[in-house]
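Have a look at the structure below, then the notes.
The values are calculated or read from the model by the stated rules, or taken from the named source; none is laboratory data. Being a predicted model, the structure only gives us computed values, none of them experimental. FYI the Cβ positions are ideal-geometry reconstructions off the backbone, even for glycines, and counts take in every protein chain you see.
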Amino acid sequence: MTTATAPTSDDATAYVPLARRASMWHDFATIAHRAIRGVFREPEFFIPALITPVFFFVVIVGALQDSAQGSGTVTDFKAFQLPVAIIFAVTGVSRATALVTDIQSGYFDRLLLTPIRRPMLLLGLMAADVVSVILLTIPVLALGLVLGISFESGIVGMLVFLLYGATWGLAFAGFPYAIALKTGNPAAVNASFVLFFPFAFLTTTFLPKEALTGWLSTVSIYNPVTYVLGGLRSLISDGWRTDLLVQGFAASLGLMVISFGLASLAMRGRINRG
Amino acid sequence: MLSAIQARELWRTFGTNEAVAGIDLDVPYGEIYGFLGPNGAGKSTTVRMLCTLLGPTAGTATVAGFDVATQPGDIRLRIGVALQDYSIDGKQTGREMLDLQGRLYGLSTRDIARRLDDVVGLVDIGSAIDDRVDSYSGGMKRRLDLAMSLIHRPQILFLDEPTTGLDPASRSAVWAEVRRLNDDYGTTIFLTTQYLEEADELADRVGIISDGLIKAEGAPNELKRDIGADLIVAEVDGDLELAADALRAIDGIDDVETHNNEITLATTDGAGLIAEVAVALSGCGVPVKSLTLRTPTLDDVFLQVTGTHLAGGGDHSGRPDTDEAHQSDHASAEATS
């Protein structure tokens, strides 16, 4: 048993915390710094994420290029497919698995015990997601350039192309975060990948909008990916089509509001449950 | 006296499960308070409420003078917490974890550097401080976890079973650090444990919790003294009540308790009565497997107030483990964000 020297009332009231509530930017930068460092410490995360879009790009172009171009539906099928490869590369890329690991290990609780602002716990992860999707987009874009695809919108258009892809990737990332926060279960987070399929395939993945018929044509109208692909393709083929770019950007932002709204609700629920 | 931690009729339910069923606490500044109980008794739920991770279902609590429900931000600046599991990111190095922890608490770069020097000594893992935490042993992780909870020099430290799973050497190191923090800095420490010797060794006062209620509270020596100066424990193999009745007739026996196949006698003169006890047991024809004279332990206190042993006994209430209760039940508590 210890013989504690109990402080007097004066000692207790004189305590000045070394800790303090930092600025919002400081909170964001602290969480983002850790999350980005985590991205670079998991190179194994990038390899499948990179192989998938390249595989689909090569297979789809190899299988459908002649028929698509021969029928006159598409002029340059490789250019038509490059945005699809970008969508495949960035959709579902997030730090949600790392978030689940934090929840399971108790580190998420440790974060909640600090004075950091709660929204920054998600926003900081989003910063790492932007880095991830740009890192994944660059090799796919480089592959397209090597295969002879040129951008009507020039170098600035390529940069916008990257940011466009990143915005879509970020918009979709809210779903795995919502599932991670709701369930704390890695299997559930991995299962969120099934959301990818309706978004990625019920749209203008293989054919332009004008060539779609029946129910697929109808569904594609309500699929935000249709507009994101439209914006991306316009940067390659048309130059600067403000109307298409705005539509695609708005589609991404709309989905982002929904997905991160769900993620915020899930976070609030998790905090409430303790 | 000012209370570092105060609770009044604090409740927390998960559905129909009353994990904490109306506890009162008064922990003065500078005290090491041991919260002793088996798994599922409500220790971790209480800590999570006091640390602002979990809203109370009913009742009130203040930590460092601030209300857990309405002033959680003020509390978080003043408390350090080492939860039951190692709350560590294995992909980072020990130094990065400590640095990050300092930043999360808004410390300046200079303060972080100074505090790193202070707490790295506690971690005591040499150059491994720059290795990734994944490569650490359980003891190293626990010490790092404790160091992280101290980086912002908290006024009140919550330690939730800080030595569970540690080897004896690591356990001793943690005990020494807890004592040093209390002696040198007057840090108030709220320590949950299911280890009797830990509570006995460290705590100025102990609260015994079972089924979500505090069953007894006081300095370990006082609690033990309440049982009696000496205990004679007879392990019998036969009619327990017959033997107990025979022993109750002996002058100088203050109390007789039976549990499983044990009879525990409280007396002020164990040495003088043990022979008479042996004769009485022999006289009633109940075979005796062992007869022991010893001073009371906290386990005896626990047995007296809960009717069950704590040592090696775990939870006998049938209550689910607290953490499992968190996972399985989505109670609608108030947020303490």
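Can you pull out the residues in region B:135-187 that are charged (D, E, K, R) and closer than 20 Å to B:R95 by Cβ?
Of everything in region B:135-187, those that are charged (D, E, K, R) and closer than 20 Å to B:R95 by Cβ turn out to be B:K141, B:R142, B:R143, B:D145, B:R153, B:E177.
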Checklist (1) surrounded by fewer than 22 Cβ atoms within 10 Å (Cβ to Cβ); (2) more than 10 Å from chain A (Cβ to nearest Cβ) applied to B:L98, failing item: (1)
Among the candidates A:P7, A:P53, A:P17, A:P115, which residue alone is surrounded by 20 or more Cβ atoms within 10 Å (Cβ to Cβ), facing chain B (nearest Cβ under 9 Å) and modelled with pLDDT under 90? A:P7
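Starting from residues that are of a type outside the set (A, V, I, L, M, F, W, C) and without any contact (Cβ under 8 Å) to a residue 40 or more places away in the chain, keep the ones in region A:20-32 and report whichever is surrounded by the most Cβ atoms within 10 Å (Cβ to Cβ).
Looking at residues that are of a type outside the set (A, V, I, L, M, F, W, C) and without any contact (Cβ under 8 Å) to a residue 40 or more places away in the chain, I get A:H26.
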Exclusive hit being under 28 Å from B:P56 (Cα atoms), buried (at least 21 other Cβ atoms within 10 Å of the Cβ) and either more than 11 Å from every other protein chain (Cβ to nearest Cβ) or in contact (Cβ under 8 Å) with a residue 24 or more places away in the chain (or both), set B:L191, B:L213, B:L223: B:L191
Residues in region B:73-90: is at least one of a type in the set (S, T, N, Q), over 21 Å from the mean Cα position of the chain (by Cα) and modelled with pLDDT under 95? no
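Of A:T226, A:T203, which residue is of a type outside the set (D, E) and not in a helix (DSSP H, G or I)?
A:T203
Select the strands (runs of 3 or more DSSP E) contained entirely in region B:221-337, then report the ones holding at least 2 residues which are modelled with pLDDT of 85 or more, over 20 Å from the mean Cα position of the chain (by Cα) and among the basic types (K, R).
Passing ranges, in order: B:288-294.
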If B:A64 satisfies every condition in (1) more than 10 Å from chain A (Cβ to nearest Cβ); (2) more than 29 Å from A:A98 (Cβ to Cβ) but one, which is the exception? (1)
Do the conditions hold for A:F28, that is, is it part of a helix (DSSP H, G or I), farther than 30 Å from B:P72 by Cβ and not β-branched (V, I, T)? no
May I ask you to list pairs of residues, at least six apart or on different chains, whose Cβ atoms are under 8 Å apart, with the first in region B:103-126 being within 11 Å of chain A (Cβ to nearest Cβ) and of a type in the set (F, W, Y) and the second being part of a loop (DSSP other than H, G, I, E, B) and buried (at least 19 other Cβ atoms within 10 Å of the Cβ)? B:Y105/A:L18; B:Y105/A:A19; B:Y105/A:T114; B:Y105/A:P115; B:Y105/B:I151; B:Y105/B:H152
Counting just the residues of region B:73-91 that are assigned to a strand (DSSP E or B) and small (G, A, S), which one comes out nearest to B:K43 (Cα to Cα)? B:A82
In region B:1-19, residue nearest to the other protein chains (Cβ to nearest Cβ) [restricted to those that are surrounded by fewer than 16 Cβ atoms within 10 Å (Cβ to Cβ) and in contact with an Asp or Glu (Cβ under 8 Å, 6 or more places away or on another chain)]: B:G15
Given the conditions (1) away from every other protein chain (no Cβ under 14 Å); (2) modelled with pLDDT under 90; (3) surrounded by 15 or more Cβ atoms within 10 Å (Cβ to Cβ), report the number of the one that A:D66 does not fulfil. (3)
Output the residues belonging to region B:48-57 that are aliphatic (A, V, I, L, M) and at pLDDT below 95. B:L53, B:L54
Note on region B:141-178: residues part of a helix (DSSP H, G or I), of a type in the set (D, E, K, R) and either more than 9 Å from chain A (Cβ to nearest Cβ) or over 23 Å from B:G102 (Cα atoms) (or both) are B:K141, B:R142, B:R143, B:R171, B:E177
Which residue out of A:G157, A:G261 is small (G, A, S), over 18 Å from the mean Cα position of the chain (by Cα) and assigned to a helix (DSSP H, G or I)? A:G157
B:I79, sole failed condition from (1) facing chain A (nearest Cβ under 7 Å); (2) within 14 Å of B:S149 (Cβ to Cβ): (1)
State whether one or more residues within region A:70-83 are within 22 Å of A:S259 (Cα to Cα), among the aliphatic types (A, V, I, L, M) and surrounded by 19 or more Cβ atoms within 10 Å (Cβ to Cβ). no
Is region B:73-80 home to any residue that is surrounded by fewer than 21 Cβ atoms within 10 Å (Cβ to Cβ) and touching a strand residue (DSSP E or B) at 6+ places or on another chain (Cβ under 8 Å)? yes
Here is a list of conditions, (1) within 22 Å of A:P176 (Cα to Cα); (2) touching a residue at least 40 places away in the same chain (Cβ under 8 Å); (3) surrounded by fewer than 22 Cβ atoms within 10 Å (Cβ to Cβ), and A:E44 meets all of them except one; can you say which number that is? (2)
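Scan region B:101-123 and tell me whether some residue there is in a loop (DSSP other than H, G, I, E, B) and more than 20 Å from A:I116 (Cβ to Cβ). Spell out how you get there, then give the answer.
Taking region B:101-123 as the starting set, the residues that turn out to be in a loop (DSSP other than H, G, I, E, B) are B:105-108.
Those left that are additionally more than 20 Å from A:I116 (Cβ to Cβ): none.
No, region B:101-123 has no match at all.
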What pairs come up if the first residue lies in region A:250-274 and is away from chain B (no Cβ under 12 Å) and under 20 Å from A:V93 (Cβ atoms), the second is part of a helix (DSSP H, G or I) and among the polar types (S, T, N, Q), and their beta carbons are under 6 Å apart, counting only those six or more places apart or on different chains? A:S252/A:T167
Limited to region B:24-35, what total is found for residues that are away from chain A (no Cβ under 14 Å) and surrounded by 23 or more Cβ atoms within 10 Å (Cβ to Cβ)? 1
Among the listed residues B:T70, B:T13, B:T60, which satisfies the condition of being assigned to a loop (DSSP other than H, G, I, E, B) and polar (S, T, N, Q)? B:T70
Could you figure out which of (1) away from chain B (no Cβ under 11 Å); (2) surrounded by fewer than 23 Cβ atoms within 10 Å (Cβ to Cβ) isn't true of A:A96? (2)
